[in-house]
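What follows is calculated from the coordinates using simple rules that are stated; it is not laboratory data. Source: prediction; values computed, not measured. Note that we place each Cβ from the backbone using ideal geometry, even for glycine, and neighbour counts take in every protein chain shown.
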Amino acid sequence: MRIFIHCLAMIGISTFATNVAAHHSFAAEFSYELFGSREGEVVEVHFVNPHAQVFFAVKNEDGEEQIWNAQTFPPQTLLRRGWNRDSIKVGDRIIIEGNLGLENSNKLWIVTITLEDGTIIRPRVEHEAGPFP
Amino acid sequence: MIEQSKLSLLGFLIALPLATNCLAQLEGEWMLTVNHDAERLGVISFERRNGEIHAFVDGGPTSFEREGNQLEFDVDYRNGGGRLLSRHFSGTINGDSMSGTLVDEELGTNGIWAAEPFGAQTTSPAAPVDISGIWSRISAGMEKVFLDYTDSAEAAVDDYTYLDDPGLRCVSPGLIRLSGWPYPMEILQNEQQVTILYESFHEVRRIYMDGRDIPESWPNSAMGYSTGHWEGNTLVIETSLLKPSFVDQAGQPVSDRAAVVERIVLSEDGQNLRSMLTLHDPDNYNRPVIRFRQWRKTPERTMMEYDCDSYPFLRGLELEGKLGDFLERIRQLQ
């Protein structure tokens, strides 16, 4: 499953990296080149502007629990792409793959979210080309 | 030897007026149309100082070289994610037109460009057109990052961090940025007023078309105080009384003494709106800053609510151990 997810993510990377639709400086927070995935349990979901955010608890190699902060497009964009407020709930076990945060921060800019039943949620790149202000 | 000198002199005498003519053709403003992932507009201007030609794009200095009728210049920009990139333009000038190709070497993408002299705007009798409806952004302009800063503006840009962006705290980013935001806007129009409802940040602009002046005393706000009039079929909006903000996500400052002029034109088929926005802000820029916006008419689109909550952003900072520093910085910026 992991390999499959990774392949899916990589398909989108070349365009994703140049069209990340953050209104805010993605480049100041996330790597364009480094991607990773983390598995954990959702502890908070915020389906709001300026970015939808999912906080989820991940066990690191030492068995310690860390809260990861995964961000994606705001609701206007997600709703128009079929991701609604109920797509992810607190308590869900998920795997999130995305651009890694800079400075070893526990952050991801979401490329895919895989739910327990195998459903993959995938925020797509902006169709409207060009920089956001 | 003598003959050679005469020939050289003759060549010089022929070349001088030709060269002067080339320079004369170049000086002034040109409307730049660029096709690089989307159609983008810009203004490139050439000025002579101390015998040398200097080039500016949308009010920002840019490198420029010319050899005969061959031109080369570079224009920096940021993509949607805030990554600093550059387009390298090369082409030829041929009478009153220029054209050529461009490449972004870092992304490995290329495009084409053309430019024509940007004539003086003439005043013509008002001929209002119907621009009401829901409009969605289709592309932006050149989004040049480095502008012709005053010393204080340069220091402010150097000091800026992405955390200074008011949008992260659900605070309106102000007229200039918001006018280019990717979410739709709805225009309501009557003879006395044009009203723009932005999906982003629930912002509302009332553009008074009743001939009033901008008041001398009125609270400054994110979208400012706007009056408008028609010049032919162009809606001209003048705005001041703005709160300090930024031109874009690179943190170029806008002062509370800034004045903005927008010239908005409807395409002949009625399906596209194009706006040229000029920021006059001598506190921060030695020459006006220009931004272009374009929208497509999208009557099928339904406006959504801008449901904004700063908590997850602040929670993220808390997890990174940056919340205290952030709050202290915002206190200082107030």
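Over all Cα pairs of the range B:133-297, how is the pair count split among 10 Å bins, expressed in % and running from 0 up to the last occupied bin? Calculated over all Cα pairs of the range B:133-297, the distribution is 10, 40, 37, 12, 1 percent.
Between B:Ile330 and B:Asp74, the contour length at 0.36 nm per residue exceeds the Cα-Cα span by 88.6 nm. Between the range A:70-84 and the range B:22-98, how many Å separate their Cα centres? So the two Cα centres are separated by 38 Å.
Between A:Glu116 and B:Glu191, the FRET efficiency from the beta-carbon distance, with R0 = 56 Å, is close to 0.40. Pairs spanning more than 32 Å between alpha-carbon atoms, out of B:Lys144/B:Lys297; A:Lys89/B:Lys144; A:Lys59/B:Lys144; A:Lys89/B:Lys243; A:Lys89/B:Lys297; B:Lys243/B:Lys297: A:Lys89/B:Lys144; A:Lys59/B:Lys144; A:Lys89/B:Lys243; A:Lys89/B:Lys297. Taking Cα centre as origin and charging only the Cβ of basic (Lys, Arg, +1) and acidic (Asp, Glu, -1) residues, the dipole magnitude of the protein assembly as shown rounds to 700 debye.
Potential lengthening of the chain between B:Glu154 and B:Val261 amounts to 36.2 nm, from the contour at 0.36 nm per residue minus the alpha-carbon distance.
Among the GluC sites (Glu not before Pro) in the range B:27-89, which ones are in a DSSP loop with at most 15 other Cβ atoms within 10 Å of the Cβ? Mind listing them? Filter output for the range B:27-89: B:Glu27. I want to make sure I understand the PRE zone here: with the label point 7 angstrom from the Cα of B:His88 toward its beta carbon, which residues in the range B:36-78 have backbone N atoms less than 11 Å away? Under cut-off, by backbone N: B:73-74.
Note on B:Ser132, B:Ser45: ascending count of other Cβ atoms within 10 Å places them as B:Ser132, B:Ser45, the fewest first. Debye-formula intensities of the range B:143-213, expressed as log10 I(q)/I(0) at q = 0.16 Å⁻¹, are -0.77 (one equal scatterer per alpha-carbon, no solvent). Here each label is just a point 7 Å from Cα along the line to Cβ, and for A:Val58 and B:Glu116 those points are 5.4 nm apart. Relative to the longest principal axis of the Cα atoms of chain B, the long axis of helix B:323-333 makes an angle of roughly 70 degrees. Between B:His202 and B:Arg66, the C-beta separation translates, for a Förster distance of 51 Å, into a calculated FRET efficiency of about 0.60. Model label points for B:Asp96 and B:Glu231, set 7 angstrom from Cα along the Cα-to-Cβ axis, are 1.9 nm apart.
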